[in-house]
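A.B. asks: After the structure tokens below, expect a handful of questions from me.
The values are calculated or read from the model by the stated rules, or taken from the named source; none is laboratory data. Quick caveat, the model's predicted, so the values are computed rather than measured. In this analysis, Cβ positions are derived from the backbone assuming ideal geometry, glycine residues included, and neighbour counts consider all displayed protein chains.
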Amino acid sequence: MSKPKRNTKKAAQGKARPVAAKSKKTVVSKKAKASPAKKAVTQKKPVPAKKPALKKAAPKPAPKKPVKKAAPTKAVVKKPAAKASPSKGKTSPAKSAPAAAPPSPKPAAKAAKPQVPAKAAPAAPAPIAQSVPAPAAAKSAAAAPAPAKPAPAVKAAAAPAKKAAPAPVEAVVVTPPPPVKRVPSQPLPPPGPTKSGALFYDSHMHTPLCKHAWGEPEEYAQQALKAGLKGIIFTCHCPMPNGFWPTVRMSESEFDIYVGLVQRAADAFKGKLDIRLGIESEYYPGCEEYITALHQRADFHYVLGAVHWQAKEYLNKYETGTIENFRRTYFDHLAKSAESGLYDCLAHPDLVKNYHPDSWCFAIVKNTVSTALDRIAATGVAMELNTSGLNKSYSEMNPGLEMLRMMADRKIPIVLGSDSHRPVRVGEHFVTALNHLTEAGYEQVSYFLNRQRIDLQISDVLASLKKAADHNA
């Protein structure tokens, strides 16, 4: 960098020709310096690299333009000059001086930039080529055109900068997740019974979006009033990735529709029945990341985890041994679903007894169930007593009484759900279910709001169901 400066002094004294004889490269740089001087006298400040030559350097190199070889250099200089503009020539040089130094060593003709960096011009090229791309992507499109111009001026040095610039821009566009549509949280109903005496919730029911349920949410709500309930929680089957068992669940594109259906019913029954948004969320090993993101898409009051052995994907992967081994795998996954921390409660915990129901024998898998329940109890996750088991091939609530006793011994919280796929089944068999709980050793039954468990005395719930049902009849 010291050599070009000495040449500039000689040029100022009129000794440009001897310097040219010494090296062609230095002549090019001199001419490059002379070219900006021609365009405007205002560039006298940027042309002299050093303060002493500022006044004299501008007039002397001007007449010494006989060398026609400088023409190409002038063309190159013109591009940056137009980009820098006279307004930028004064202010930008201080910033870009350091940045322009690295690109200059490659092409000799591009020595015009070292002159610019000498005083003020550096700021314009360097910051534009390096620092602008980041803000352009993050803030505004106005900054984007600025980086595009300097890029062509420095082809050799700026080429890598161009490749780096698009990468961050794409990352910024891809990184932010799509806007999450959340349900505004509603105030919780006051604790205790309503005017009708209703106190309890049915925490498991579906909508037609699952493709195997019938009736609008409002019809389920109307039945809930007849059953003497204070509220209901819709838990329709969640969407899943990669086309997992698509015939029994809403599609990804229907998620917002589901949220809207529940909200519509909640608005229609405001002041009469508390209606909340929940989800029956599939547990399938390998889909934990998807489910985690799904749970952030709405303000769910209740997340019900479920292992469905009936899924074709589940059978294809795990139905590889005996019937008993398949059932053991199911209970292991039930425990893993609790250990994942994704769920508030586990749905129909012994659903696998409907797999070859004729051969179901609890005694055969009792040790496996005991180990699974120990693991579940350690997590604090609740389990469901699902009354719809009475309507399945193995006609018994899920779980059966023996497993229910084992759960009570471990003090695992219990939630009631009708698993209604038709309005008429909302609150169905709840009195029988509560009596089963008492027989198994439970004293309390629970439900969830805002993903917080609320415990009630079973005796109070039994009394409320009868009182509210009579009031609403």
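A.B. asks: Go through (1) at pLDDT 95 or above; (2) surrounded by 23 or more Cβ atoms within 10 Å (Cβ to Cβ) one by one and return the number of the condition residue 150 breaks.
C.D. replies: Of (1) at pLDDT 95 or above; (2) surrounded by 23 or more Cβ atoms within 10 Å (Cβ to Cβ), only one is false for residue 150: (1).
A.B. asks: Being modelled with pLDDT of 50 or more, farther than 30 Å from residue 312 by Cβ and touching a Leu at 6+ places or on another chain (Cβ under 6 Å) is true for just one of 228, 192. Which residue is that?
C.D. replies: 228
A.B. asks: Could you tell me which residue of segment 351-379 is surrounded by the fewest Cβ atoms within 10 Å (Cβ to Cβ), considering only residues that are hydroxyl-bearing (Ser, Thr, Tyr) and within 25 Å of residue 279 (Cβ to Cβ)?
C.D. replies: Selected residue: 379.
A.B. asks: Considering segment 219-247 alone, what residues qualify as being more than 12 Å from residue 426 (Cβ to Cβ) and surrounded by fewer than 16 Cβ atoms within 10 Å (Cβ to Cβ)?
C.D. replies: 241, 242, 243, 246, 247 - these are the residues of segment 219-247 that are more than 12 Å from residue 426 (Cβ to Cβ) and surrounded by fewer than 16 Cβ atoms within 10 Å (Cβ to Cβ).
A.B. asks: Would you point out the residue of segment 459-473, among those that are more than 30 Å from residue 295 (Cβ to Cβ) and not small (Gly, Ala, Ser), that is modelled with the lowest pLDDT?
C.D. replies: Checking each candidate, the answer is 472.
A.B. asks: Also: Please find, within segment 293-321, the residue that is nearest to residue 339 (Cα to Cα) out of those that are in a loop (DSSP other than H, G, I, E, B) and of a type in the set (A, V, I, L, M, F, W, C).
C.D. replies: 307
A.B. asks: Sticking with this structure for a sec: Taking the conditions exactly as written (touching a helix residue (DSSP H, G or I) at 6+ places or on another chain (Cβ under 7 Å), buried (at least 18 other Cβ atoms within 10 Å of the Cβ) and modelled with pLDDT of 95 or more), does residue 276 satisfy them or not?
C.D. replies: no
A.B. asks: A further question follows. Can you name the number of the only condition in (1) surrounded by 23 or more Cβ atoms within 10 Å (Cβ to Cβ); (2) over 37 Å from the mean Cα position of the chain (by Cα) that residue 348 fails?
C.D. replies: Residue 348 satisfies all of (1) surrounded by 23 or more Cβ atoms within 10 Å (Cβ to Cβ); (2) over 37 Å from the mean Cα position of the chain (by Cα) except (2).
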